Every structure is written in structure tokens, then in C-alpha cells.
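*Asks:* Here you go, one structure.
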Amino acid sequence: QVHLVESGGGLVQDGGSLRLSCVASGSIFNINAMGWYRQAPGKQRELVAAITREGTTTYTDAVKGRFTISTDNARNTVYLQMNSLKPEDAAVYSCNVKRHTLFPDATLDYWGQGTQVTVSS
């Protein structure tokens, strides 16, 4: 099992910044990727950003150039630096870890509890 604890959400004005953190503990080996998803009311959950074990990053088009995902492997932490926030960025942001298991050969998803990001216009 992997346990994820997020922090850093809150209320910010249009154009402001926030940094989300997610600390992983437990069976934190064979992790293939870590990422952040968000879900706004009435909308489907979407991938915001992800980073692989090799350091390859992926961003949804809406946040490219504004958000940065990074990891601190020594602290088993993944960050999401969010700059130039817009009201449409408001959502519950959840941390995700994808961990590979050998027996069975599968990839398991683990989720944090979510942290609310609110952007006032």
C-alpha cells in the first residue's frame, strides 16, 4: 500500500500562485509515475500533470507554461507549482501514484484525499 498526504491548497486571487505537495509513504518502490489530477464540480477528473520515474513530464494543455511538476526523491514528495492561476483552475486536486507490481503483472493506482484550490476573480 502507498499512503499519500497532500497539502498546499487554499484560496488565491486570479493571477496568484500556490504550491501543492504530496508526500508518499508505505510501499514506495516500483513507482512508475506520480501526478496530479483535478476535478471541478460537474466535470470529469482530468490529468493536470505527471512525471515518470525517468523524469519525463506531461501537462494538460490548459496549464502548460503556468504549472510545473517536480519531485524530491529524498523526501518521497511530488510538487505542483501553480502560477498565474485562473478561476477555471479551481478544483479539488488529487495526488496519484502509479506503482508496478510483478505478481500479478499490473499497475496499481493510489490516490490522496484531495486538496481544494479556489481562485477568486
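The values are calculated or read from the model by the stated rules, or taken from the named source; none is laboratory data. This one's a predicted model, so the numbers in the text were calculated from it and none came from an experiment. Reconstructed Cβ throughout: ideal geometry from the backbone, glycine too, with neighbour counts over all protein chains shown. These area figures cover heavy atoms from the full protein model, side chains too; ligands, DNA and RNA do not enter into them. Shrake-Rupley method; radii C 1.70, N 1.55, O 1.52, S 1.80 Å.
*Asks:* Would you be able to say whether some residue in the range 62-78 is farther than 26 Å from Q1 by Cβ and either polar (S, T, N, Q) or in contact with a Pro (Cβ under 7 Å, 6 or more places away or on another chain) (or both)? Walk me through it before giving the result.
*Replies:* Kept after step one, since they are farther than 26 Å from Q1 by Cβ, are these residues of the range 62-78: 62-68.
Retained after the next criterion (residues that are either polar (S, T, N, Q) or in contact with a Pro (Cβ under 7 Å, 6 or more places away or on another chain) (or both)): 68.
Checked against the condition, which is being farther than 26 Å from Q1 by Cβ and either polar (S, T, N, Q) or in contact with a Pro (Cβ under 7 Å, 6 or more places away or on another chain) (or both), the range 62-78 yields at least one hit.
*Asks:* Follow-up. Within the group K98, K86, which residue is farther than 19 Å from S7 by Cα, open to solvent by 70 Å² or more (accessible area, probe 1.4 Å) and in contact (Cβ under 8 Å) with a residue 40 or more places away in the chain? I'd like the intermediate steps shown before the answer.
*Replies:* Working: K98 fails: open to solvent by 70 Å² or more (accessible area, probe 1.4 Å).
None of the others qualify; the one that does is K86.
*Asks:* If you check D61 against the conditions, is it open to solvent by 60 Å² or more (accessible area, probe 1.4 Å), modelled with pLDDT under 95, among the charged types (D, E, K, R) and out of contact with any strand residue (DSSP E or B) (no Cβ under 9 Å at 6 or more places or on another chain)?
*Replies:* Details: open to solvent by 60 Å² or more (accessible area, probe 1.4 Å): yes; modelled with pLDDT under 95: no; among the charged types (D, E, K, R): yes; out of contact with any strand residue (DSSP E or B) (no Cβ under 9 Å at 6 or more places or on another chain): yes.
The answer is no for D61.
*Asks:* For the range 1-25, name all the residues that are closer than 30 Å to L102 by Cα, open to solvent by 60 Å² or more (accessible area, probe 1.4 Å) and out of contact with any Cys (no Cβ under 8 Å at 6 or more places or on another chain).
*Replies:* Filtering the range 1-25 down to residues closer than 30 Å to L102 by Cα leaves 1-6, 21-25.
So of that shortlist, the ones also open to solvent by 60 Å² or more (accessible area, probe 1.4 Å) come out as 1, 3, 5, 23.
Q1, H3, V23, listed by residue number.
*Asks:* Being surrounded by 17 or more Cβ atoms within 10 Å (Cβ to Cβ) and among the small types (G, A, S) narrows it down to one residue among A91, A106, A74; which is it?
*Replies:* On the way: A106 fails: surrounded by 17 or more Cβ atoms within 10 Å (Cβ to Cβ); A74 fails: surrounded by 17 or more Cβ atoms within 10 Å (Cβ to Cβ).
One residue alone meets the criteria, A91.
*Asks:* I need the full set of residues from the range 100-121 which are within 15 Å of the chain's Cα centre (by Cα), in a loop (DSSP other than H, G, I, E, B) and under 18 Å from N83 (Cβ atoms), in order please. Spell out how you get there, then give the answer.
*Replies:* Narrowing the range 100-121 to residues within 15 Å of the chain's Cα centre (by Cα): 109-117.
If we keep only those that are in a loop (DSSP other than H, G, I, E, B) too, we end up with 112-114.
Of everything in the range 100-121, nothing turns out to be within 15 Å of the chain's Cα centre (by Cα), in a loop (DSSP other than H, G, I, E, B) and under 18 Å from N83 (Cβ atoms).
*Asks:* Oh, and also: Quick one: is A33 open to solvent by less than 30 Å² (accessible area, probe 1.4 Å) and over 14 Å from the mean Cα position of the chain (by Cα)? Show your work before the answer.
*Replies:* Values: open to solvent by less than 30 Å² (accessible area, probe 1.4 Å): yes; over 14 Å from the mean Cα position of the chain (by Cα): no.
It is false that A33 is open to solvent by less than 30 Å² (accessible area, probe 1.4 Å) and over 14 Å from the mean Cα position of the chain (by Cα).
*Asks:* Can you confirm whether T68 is of a type in the set (V, I, T), under 15 Å from the mean Cα position of the chain (by Cα) and at pLDDT 95 or above? Working first, answer last.
*Replies:* Working: of a type in the set (V, I, T): yes; under 15 Å from the mean Cα position of the chain (by Cα): yes; at pLDDT 95 or above: yes.
Judged against the criteria, T68 is a match.
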